[in-house]
Amino acid sequence: MTSSRAAAPRPPRRAAAAVRTGLGAALALVTAGLVSVLVPLHWAADTVVSQQGFTRVVGTLSEDRQFQEALARTAVNRAADTLLGERSTGIAFVDRLVQDAARRAADVAAGLSSQPAYQQAWTQALIRTHEANVPADGAVADAPQHLVLELQPLLEAADGAVQQSVGVDLGLAERQGSITVPGSNTGRLVEAGTRLTGLAVPLSWAAGVLGLLALLVARHRFAVLAVLGLGTLAGLAVVWALVQEALRRAAGPLGADPLVWLVSDRVLDLLTGSLAQWMTTAAWAAGITGAVGVVGAVVVSSASRRRRRSTA
């Protein structure tokens with residue numbers, strides 16, 4: 001009689017433990033979902049919305065000699081094509097002289113790309129492009145509907161070098177200093193991203209509180225750690241897949257213009273690489289957390305079974 005009375009409370013106790021662990025696992029899943037979204041949000045706030053972060057990441061292209069030469073040559077050729085159309089006289093000899101000057105201008109601009117003045121112009125072009133597209137700390141009140149590239153500082157540097165070398169003022173900066181990419185539809189994405197990054201800090205606090213509650217509520221805390229870590233790992237994989245799909249869709253309108261494609265392709269590569277570093281770091285942390293949770297849960301479960309056998 002005594003032993004049966006002592007054993008009676010065990011089922012309710014186990015049921016309560018199961019409910020607590022289930023609630024903790026549910027909270028852990030919500031936390032994992034938040035963390036999966038917060039990683040790219042914090043990255044966007046630090047690297048895309050922030051002008052300083054944007055120029056820090058993309059500014060490294062100033063050291064890429066091959067890219068800068070291609071950029072200078074493509075930008076000058078693009079502007080020169082417009083110039084040739086404007087200054088066409090129909091006289092073969094005169095038009096040939098203008099074409100020769102345009103070709104020499106492209107060569108001069110490509111050689112200019114290694115000079116400090118050009119590299120400073122590249123930084124200024126990045127700053128102006130960011131100001132033209134991102135309303136957070138830029139000059140525009142609202143993001144424009146389509147992507148705007150501000151290349152005027154680069155073309156002004158090219159204009160000066162060409163005039164000094166060739167003796168012709170091509171006026172490249174006046175013609176092609178600002179380029180709008182039709183069909184890119186970046187405005188809504190930038191505005192939505194800017195608003196969402198403003199929620200990164202409060203959402204981080206919410207994730208921290210939910211994660212702590214998950215551990216406090218659960219009876220089997222290692223199981224909750226496993227759910228938190230592995231859930232975050234799965235969430236990060238889903239977010240990364242969505243990012244890749246978004247980049248694939250964005251690449252279409254950007255590829256219509258050789259100059260726009262040259263710049264946007266390399267910039268997106270750098271930004272994607274920066275995000276990949278953040279995601280990889282978070283994935284390692286999530287994987288380690290999940291592994292600790294799984295190992296801990298197995299060890300605790302084995303010890304619990306051994307105790308039950310010894311008391312049976």
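Each value in this text was obtained by applying a stated rule to the coordinates, not by laboratory testing. Worth saying up front: this structure is predicted, and the values here are computed from it rather than measured. Glycine gets a Cβ as well: all are built from the backbone with ideal geometry, and neighbour counts include every protein chain shown.
Only four residue types carry charge here, +1 at the Cβ of Lys and Arg and -1 at the Cβ of Asp and Glu. Report the dipole size of segment 187-306 about the Cα centre in Debye, rounded to the nearest 20. Let's see the in-between values first.
Details: 9 positive and 5 negative charges, 138 e Å.
Roughly 660 debye, rounded to the nearest 20.
Ranked by the mean number of other Cβ atoms within 10 Å per residue, highest first, peptides 223-229, 196-202 order as 223-229, 196-202.
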